[in-house]
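Some notes on the structure that comes next.
Every read-out reported here was derived from the displayed coordinates using simple, explicitly stated rules and does not represent laboratory data. Since the model is a prediction, treat every value here as computed from it, not as a measurement.
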Amino acid sequence: MAPPVMAAGPTQAAAHATAPEPAAANGDETVFRRFRDYDWEKDAAFLNGLAAMYARWTADEPGITDEELAQRTASAKAFYFERCVPGRRLAATLRG
């Protein structure tokens, strides 16, 4: 089973990358916006890791649902974003 594509399309991501941040946006909104707009489809390290995780998940749990795979993918993205994307601090924002 191939990983679902959950990233914004290149046009949308490019538009967000060039648009200035609104002056009124607080830090939490900025972090979440950067997470939402991160170009997952172009991050080879993330995609390689996700492919390995999918292989493991589907081998260990043949009946895993698409919903469960989507939840695990979202968790993997949050972990990766926090640990591997420079200057991003999603976990601190979530802890409040």
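For the pair LEU47 and ARG72, the difference between a 0.36 nm per residue extended length and the Cα-Cα distance amounts to 7.6 nm.
Given their separation in residues at 0.36 nm each and the Cα-Cα distance between them, ASP60 and PHE79 gain 4.7 nm when the chain is fully extended.
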